[in-house]
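Readers should treat all values here as calculations from the given coordinates under stated rules, not as data from a laboratory. Everything numeric here is computed off the predicted structure, so don't read it as measured data. Every residue, glycine as well, gets a Cβ built from its backbone with ideal geometry; the counts of neighbours run over all protein chains shown.
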Amino acid sequence: MSEAITTVLDETRIFNPPQGHQGHIASMQEYRTLRQQFETDFDTTWRELAREHLSWREPFTRVLNSENAPFFRWFEDGKLNLSENCLDRHVEAGLGERTAIIWESEAGEVRRYSYNKLLSEVCRAANAMRELGVESGDRVIIYMPMIVEAAIAMLACTRIGAVHSVVFGAFSPLALRDRIEDAGAKLVITADGGGRRGGVHALKPNVDEALSEGCRSVAHVLVVRHAGNEVEWSQGRDINWHDALNVQPDHCEPLAVESEHPLFILYTSGSTGKPKGILHSTAGYLLWARVTMRWSFDFRPETDIFWCTADVGWITGHTYSVYGPLANGGTTLMYEGVPTYPDPGRLWKICADHGVTIFYTAPTAIRALNKAGDEWPNKHDLSSLRVLGTVGEPINPEAWMWYHDVIGKGRCPIVDTWWQTETGGHMLAPLPFATPTKPGSATFPLPGIDADIVDEAGLPITEGGGLLIIRKPWPSMLRGVWGDDQRYIDTYWKEFDGRYYFAGDGARRDEDGYFWVMGRVDDVLNVSGHRLGTMELESALVSHEAVAEAAVVGRPDAIKGEAICAFVVLKCEPDDSLVEELRAHVSKEIGAIAKPDDIRFADSLPKTRSGKIMRRLLRDIAAGREITSDISTLEDQSVVQKIQQDRP
Ligand code: WT7
């Protein structure tokens, strides 16, 4: 168990919500009433919510279709358009001059996009995409830095019914190629490069490399000129974004699609094999993006400046940097750059400069900024902040307290939100002006979310540890794994015979009923809030010619949460340069975020007699802990001693 988790087990502090402000959900009494409503009148409650919060082209009559479970369908006979809900609706309501997006570059350049301007840019981009042959249902890969054009590209896809798949800019050309091929994308939208640590992180060359093999489906690459780095140009295939948009009219009729029309695919790592394409659909996803903004953050579109630091390459960036704030007609901030550039006060300076009121980030960032020292936040006026959020991994009470005291000055509720790429939006979270919080706990399920903690047989656990599950379907749930229905069933529904959605996380319930999420129970690592499958890392390692066998485990890390520790059996003699070479190799195969922190060479790996790698044992060794696992089933007892002697 990591240090963070053991300290969580002793946590008893409780913080009452601030007084004097009425939240969208104003009290625990109101919360319980709403939960009860979902329980007793499931269909009606969802129906009313979807009617109130979304703008429909054709109203739906049926709420949930479970006939082909677990392939659930929500609001299926309704029609709507997502970009219309995020843009036209607000412009028509007279809010066209309100700022939709504030963008700041690492160099400090600031751009503001009003709803009017964003709408006309989205229309031009949608028209340009259509002219390039993109039709409803076609897939479009977006491989971009954190610039407004990334959001424009996403919204433009939704305007014409195209399905986007955003690939995080730090993924390697090979990882990008896999995703392009799996999605069968027709178009890739990219930029020459992005600004990073005062330099340029090139993107277009990665696209060229990805497309150099396979990827037959790709007809065009749309390139935003942004960082100014030299790029090669493939005549006929590559198109300059600005040229393409300039000639287009700024009107584009939004296509009304069915509620279940596929909206986007987002790849995420699993415990086996290749990353899987998590598929989301239109209406249910959008509904939950809009509603959770209000419930979990108490979002007030008229006055709030909302900043979620996540890149659009992750689900958090989809739901809370782009769709959630815009669905509500509010203002969202995008920052293109590293959080510590030019100094560790950068995020706090941005909060002060733009009057950020709601700030949402990951525990790994909180820990890193805490470590940098209080002088950095203390240099800036943080009095505009009113709600602070966290997501991505369990937050240790120390980091929570620092966030609460030093950033929030004890005034701002901390909302620890538990959810996943698969859930589309928040599942467990406190209501900032209702729920008493405990440092390290995501508190309770949101209204409408039937989450529970059960034992291996599926029986609820009243107090203690178990597995986190969700019983009833919810609108923003994944609709499947792209191109692999069986994997969807196997990964999420097999564990409990189709009765519950299995999240893959362990959790504990305390005596007050609070949920404490403890982390993954499968072979998935959480490194700085990013999910990485151990199998994926292992196959990247064994694809190197010198490697015979590899086993990857997580090791507790004070900043990243988990660090990547690889045990490698070589085909040759180890030499000094090999560690660096293998790290670079994994980075090339997957991306820089997957670089192993430790590489340890071993003569062989500890296995059971049936040939399974004993990961628990390796985790103990990696952490430098006393070996607590039962090693009686180990095939060759001497292996353990040898690996331990090999310690670097
Ligand atoms: C996994 C999902 C969804 C946003 C970012 C990550 C872990 C997420 C929390 C939290 C404890 C958390 C879980 C989950 N996780 N939020 N508040 N407390 N753990 O998305 O890449 O799909 O990863 O992140 O282990 O299963 P993701």
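In which sequence would Met129, Met518 go, from the one with the fewest C-beta neighbours within 10 Å to the one with the most? Let's see the in-between values first.
Details: Met129 28, Met518 19.
Result, fewest neighbours first: Met518, Met129.
Ranked highest first by the average count of other Cβ atoms within 10 Å around their residues, in what order do 397-405, 26-34, 548-556, 198-206 fall?
548-556, 397-405, 198-206, 26-34
Any idea what the alpha-carbon Rg over 2.2 N^0.38 Å comes to for segment 329-394? Don't jump to the answer; show the numbers that get you there.
Numbers: Rg = 11.7 Å, N = 66, 2.2 N^0.38 = 10.8 Å.
Here the Cα radius of gyration is 1.08 times the empirical estimate.
Please work out how much length the chain gains when fully extended from Leu9 to Asp43, using 0.36 nm per residue of separation minus the C-alpha to C-alpha distance, in nm with one decimal.
Numbers: separation 34, 0.36 × 34 = 12.24 nm, distance 3.77 nm.
Gain on extension, Leu9 to Asp43, equals 8.5 nm.
Whole-Hz Karplus ³J(HN,Hα) for segment 124-140, in order, using 6.51 cos²θ - 1.76 cosθ + 1.60 and θ = phi - 60°, x for Gly and Pro?
Per residue, the Karplus-derived 3J(HN,Hα) values read 4, 5, 5, 4, 4, 5, 4, 5, 7, x, 7, 10, 3, x, 5, 9, 10 Hz.
At a threshold of 8 angstrom on Cα-Cα distance, excluding pairs fewer than six apart, so keeping six or more, what relative contact order does the chain reach in percent? Walk me through the intermediate numbers first.
On the way: 1397 pairs, mean separation 87.2, N = 648.
About 13 percent, as a whole number.
Would you mind pulling out the separation of the Cα centroids of segment 303-319 and segment 549-571, in Å?
30 Å
Residues with beta-carbon under 10 Å from that of Pro439, excluding Pro439: net charge, scoring Lys, Arg +1 and Asp, Glu -1? Spell out each step's value before the answer.
Values: positive: Arg13, Lys438; negative: Glu11, Glu398, Asp416.
Cβ neighbours under 10 Å give a net charge of -1.
Treating only the Cα positions of segment 197-348 as identical point scatterers, give the base-10 log of I(q)/I(0) from the Debye formula at each q in 0.10, 0.17 Å⁻¹.
The Debye formula, applied to the Cα set alone, gives -0.54, -1.42.
How large is log10 of I(q)/I(0) for segment 308-438 at q = 0.14, 0.16 Å⁻¹ when the intensity is taken from the Debye formula with one equal scatterer per alpha-carbon?
With no solvent term, the Cα-only Debye profile gives -0.59, -0.80.
Longer than 22 Å from Cα to Cα, which of Lys79/Lys117; Lys379/Lys409; Lys204/Lys560; Lys494/Lys595 are they? Say none if no pair is.
On the way: Lys79/Lys117 26 Å; Lys379/Lys409 14 Å; Lys204/Lys560 29 Å; Lys494/Lys595 32 Å.
Beyond 22 Å: Lys79/Lys117; Lys204/Lys560; Lys494/Lys595.
For segment 165-174, in order, what is each residue's ³J(HN,Hα) by Karplus, 6.51 cos²θ - 1.76 cosθ + 1.60 with θ = phi - 60°, in whole Hz (x at glycine and Pro)?
Karplus values, whole Hz, x for Gly and Pro: 9, 7, 10, 4, x, 8, 6, 6, x, 5.
Cα atoms only, segment 29-152: Rg and Dmax in Å?
When restricted to the Cα atoms of segment 29-152, Rg and Dmax are 19.1, 54 Å.
Would you work out the relative contact order for segment 212-251, in percent, from Cα pairs under 8 angstrom that are 6 or more residues apart?
Numbers: 22 pairs, mean separation 17.0, N = 40.
Here the relative contact order equals 42 percent.
Rounded to the nearest 500, what is the 222 nm mean residue ellipticity of the chain from helices alone, with -39500 (n - 2.57) per DSSP H run of 4+ residues and division by all residues? Spell out each step's value before the answer.
Working: 19 runs with 184 residues, N = 648.
So the helix-based figure for the chain works out to -8000 deg cm²/dmol.
Which aspartates and glutamates does Lys371 reach when only Cα atoms under 19 Å apart count, and residues fewer than 8 places away in its own chain are ignored?
Cα-Cα hits under 19 Å: Glu3, Asp343, Glu393, Glu398, Asp405, Asp557, Glu562.
For Glu131 and His21 in the same chain, what is the full-extension length gain: residue separation times 0.36 nm, less their Cα-Cα distance, in nm? Intermediate values should be presented prior to the final figure.
Details: separation 110, 0.36 × 110 = 39.60 nm, distance 4.99 nm.
Roughly 34.6 nm would be gained on extension.
Around Ile101, which amide H atoms from residues at least 5 apart in sequence, or from another chain, sit under 5 Å from its own amide H, with H modelled in the peptide plane?
Close amide H contacts, sequence-distant or interchain: Tyr113, Thr332.
Explain nothing, just compute: Karplus ³J(HN,Hα) = 6.51 cos²θ - 1.76 cosθ + 1.60, θ = phi - 60°, for every residue of segment 349-362 in order, whole Hz, x for Gly and Pro.
Coupling constants for segment 349-362: 5, 4, 4, 5, 4, 9, x, 4, 9, 10, 10, 9, 8, 10 Hz.
Just checking the chain: which Cys have no other cysteine's beta-carbon under 4.7 Å?
Cysteines of the chain left without a disulfide-compatible partner: Cys86, Cys157, Cys215, Cys308, Cys351, Cys412, Cys565, Cys572.
Of all the C-alpha pairs in segment 528-645, what % are more than 25 Å from each other?
On the way: 1375 of 6903 pairs.
Summing the P(r) of segment 528-645 above 25 Å gives 20 percent of all pairs.
Take the Cα pairs of the chain, get the Kirkwood Rh, then feed it into Stokes-Einstein at 10 °C and 1.306 mPa s and tell me D in µm²/s.
The diffusion coefficient I find is 62 µm²/s.
Restricting things to alpha carbons, tell me how big segment 20-76 is in terms of Rg and Dmax, in Å.
When restricted to Cα atoms, segment 20-76 yields Rg and Dmax of 14.3, 47 Å.
Please grab the % of Cα pairs in segment 409-539 that end up more than 22 Å from each other.
Above the 22 Å cut-off, segment 409-539 has 39 percent of its Cα pairs.
Need one number: the % of Cα-Cα pairs in segment 479-588 sitting beyond the 25 Å mark.
So the pairs more than 25 Å apart make up 41 percent of the total in segment 479-588.
Between Glu109 and Arg411, what's the calculated FRET efficiency when r is the beta-carbon distance and R0 is 22 Å? Round to 0.05.
Numbers: r = 31 Å, r/R0 = 1.42.
The calculated FRET efficiency here is 0.10.
Distance in nm between label sites at Ser638 and Glu181, each 7 Å beyond Cα in the beta-carbon direction?
Inter-label distance under the simple model: 4.2 nm.
Pop the C-beta distance of Glu253 and Lys371 into the FRET formula with R0 = 60 Å and round what comes out to the nearest 0.05.
Values: r = 52 Å, r/R0 = 0.86.
For Glu253 and Lys371, the calculated efficiency is 0.70.
Taking only the C-alpha atoms, wrap a convex hull around segment 136-255 and report its volume per residue in Å³ as a whole number.
Details: hull volume 12.0 nm³, N = 120.
About 100 Å³ per residue, rounded to a whole number.
So, R0 is 45 Å and r is the distance between the beta-carbons of Val569 and Ser384; what FRET efficiency does that work out to, to 0.05? All intermediate terms of the calculation are to be shown ahead of the outcome.
Numbers: r = 55 Å, r/R0 = 1.21.
Efficiency for this residue pair is about 0.25.
Just flag the chymotrypsin sites (Phe, Trp or Tyr not before Pro) in segment 202-293 sitting in loop per DSSP whose Cβ has no more than 15 other Cβ atoms within 10 Å. Could you put the intermediate results ahead of the total?
Values: sites: Trp233, Trp241, Phe264, Tyr267, Tyr285, Trp288; in loops: Trp233.
Answer by residue number: Trp233.
Determine the gain in length on full extension of the stretch Ile631-Ser543; use 0.36 nm per residue of separation and subtract their C-alpha separation, reporting nm with one decimal. If you can, show how the numbers build up before the last one.
Details: separation 88, 0.36 × 88 = 31.68 nm, distance 2.94 nm.
Working it through step by step, the gained length comes to 28.7 nm.
Using DSSP to call loops (not H, G, I, E or B), can you name the GluC sites (Glu not before Pro) in segment 62-123 whose Cβ has at most 15 other Cβ atoms within 10 angstrom? List each step's numbers first, then the result.
Details: sites: Glu67, Glu76, Glu84, Glu92, Glu97, Glu104, Glu106, Glu109, Glu121; in loops: Glu67, Glu76, Glu97, Glu106, Glu109.
Sparse-neighbourhood loop GluC sites (Glu not before Pro): Glu67, Glu97, Glu109.
Sorted by mean Cβ packing within 10 Å, highest first, what order do the peptides 381-387, 614-620, 325-331 take?
Going by the mean number of other Cβ atoms within 10 Å, highest first, we get 325-331, 614-620, 381-387.
Using a simple spin-label model with points 7 Å from Cα along the Cα→Cβ vector, what separation in nm is obtained for Asp598 and Phe71?
Reported label-point gap for Asp598 and Phe71 is 4.5 nm.
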